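Have a look at the structure below, then the notes.
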Amino acid sequence: MWWVWALLSAVFAALTSVLSKMGLNGINSTLATAIRTCVVLAMS
């Protein structure tokens, strides 16, 4: 069962990275980091 959680963790980490690069192009880097952190917290 642990491998399911590990796989989901990897998928969400990849999604966070891809979405941040796509949607946060014109935003201050500090604000982008804060948004990414909120997304990761929401997913966890």
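The values are calculated or read from the model by the stated rules, or taken from the named source; none is laboratory data. Remember, predicted model here, so these are calculated numbers, not experimental data. The protein model used for the area step is the full one, side chains on, heavy atoms only, and it has no ligands, DNA or RNA in it. Shrake-Rupley method; radii C 1.70, N 1.55, O 1.52, S 1.80 Å.
Some values worked out for this structure:
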| quantity | calculated |
| --- | --- |
| Residue match in segment 30-39 (condition: of a type in the set (Gly, Ala, Ser) and not in a helix (DSSP H, G or I)) | no |
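Condition check ((1) within 14 Å of the chain's Cα centre (by Cα); (2) modelled with pLDDT under 75; (3) open to solvent by less than 80 Å² (accessible area, probe 1.4 Å)) across all residues:
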| position | (1), (2), (3) |
| --- | --- |
| Met1 | no, no, no |
| Leu7 | no, no, no |
| Ala14 | yes, no, yes |
| Leu19 | yes, yes, no |
| Met22 | yes, yes, no |
| Thr30 | no, no, no |
| Ala34 | yes, no, yes |
| Thr37 | yes, no, yes |
| Leu41 | yes, no, no |
